[in-house]
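This is the structure, below, for whatever I ask next.
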């Protein structure tokens, strides 16, 4: 029998603050390996190691039957010509899906299936992106304000960051002539 009681969290729709919640922060030094321009990453680290993104998790057991939920806030910025992004992950339970509901900002949701197909969805306030089972996913802030979104996923899905860090995604998002552009990842591994 489950003795957990129903509860509320409060989400600030502008800032992405979720309360109560457990915060995880990632600075450039935490994600430097994801970027093509390692020299630009090291320069940013030496000049203050800016905050790239935060995830604020609601306190939900990571057990079957529960729904994990969190907010993610990706700050505006670039490493070289690449926009700030999340580490990206696939679920340890590959057969689980996720939903991202964009609250603020402008972004790209990069995805790749275990079969090698890839997709990129635009994220904007009010967009709800469905990430099917068997798809890895990474989010990129392509705007000038924080990208804020709310995530819902099976609490026991687990997060496999190592595969993505090792293999990379097929595409990266760079700024060219003032626009966010998808290009082939020159460091793509595992193909």
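The values are calculated or read from the model by the stated rules, or taken from the named source; none is laboratory data. In this text, all values refer to a predicted model and were calculated from it rather than measured experimentally. Note: ideal-geometry Cβ built from the backbone for every residue, glycine included; neighbour counts use all protein chains shown.
Among all residue pairs at least 6 apart or on different chains, which show Cβ distances below 7 Å where the first residue, located in segment 34-53, is in contact (Cβ under 8 Å) with a residue 24 or more places away in the chain and at positive phi and the second is in a helix (DSSP H, G or I) and buried (at least 17 other Cβ atoms within 10 Å of the Cβ)?
none
Just to be sure I understand, how many residues within segment 81-115 are in contact (Cβ under 8 Å) with a residue 60 or more places away in the chain and either out of contact with any strand residue (DSSP E or B) (no Cβ under 9 Å at 6 or more places or on another chain) or at positive phi (or both)?
1
Table: residues versus (1) surrounded by 14 or more Cβ atoms within 10 Å (Cβ to Cβ); (2) at pLDDT 95 or above.
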{"site": "72", "(1), (2)": "yes, yes"}
{"site": "82", "(1), (2)": "yes, yes"}
{"site": "92", "(1), (2)": "no, no"}
{"site": "96", "(1), (2)": "yes, yes"}
{"site": "100", "(1), (2)": "yes, yes"}
{"site": "113", "(1), (2)": "yes, yes"}
{"site": "116", "(1), (2)": "no, no"}
{"site": "121", "(1), (2)": "yes, yes"}
{"site": "126", "(1), (2)": "no, yes"}
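Working only within segment 117-136, note down all residues that are part of a loop (DSSP other than H, G, I, E, B) and free of Cβ contacts under 8 Å to residues at least 24 places away in the same chain.
First pass over segment 117-136, keeping only residues part of a loop (DSSP other than H, G, I, E, B): 117, 124-127, 132-134.
Those that are part of a loop (DSSP other than H, G, I, E, B) and free of Cβ contacts under 8 Å to residues at least 24 places away in the same chain: 117, 124, 125.
Moving on to the next point. Go over the candidates 170, 146 one by one and state the one that is surrounded by fewer than 19 Cβ atoms within 10 Å (Cβ to Cβ) and either in contact (Cβ under 8 Å) with a residue 60 or more places away in the chain or over 13 Å from the mean Cα position of the chain (by Cα) (or both).
170
Can you name the residue in segment 145-191 that is in contact with a strand residue (DSSP E or B) (Cβ under 6 Å, 6 or more places away or on another chain) and part of a loop (DSSP other than H, G, I, E, B) and is also modelled with the highest pLDDT among such residues?
In this case the residue turns out to be 146.
Would you call residue 68 at pLDDT 95 or above, exposed (fewer than 14 other Cβ atoms within 10 Å of the Cβ), in contact with a strand residue (DSSP E or B) (Cβ under 8 Å, 6 or more places away or on another chain) and under 27 Å from residue 156 (Cα atoms)? I'd like the intermediate steps shown before the answer.
On the way: at pLDDT 95 or above: yes; exposed (fewer than 14 other Cβ atoms within 10 Å of the Cβ): no; in contact with a strand residue (DSSP E or B) (Cβ under 8 Å, 6 or more places away or on another chain): yes; under 27 Å from residue 156 (Cα atoms): yes.
Taking the combined requirement at face value, the residue does not satisfy it.
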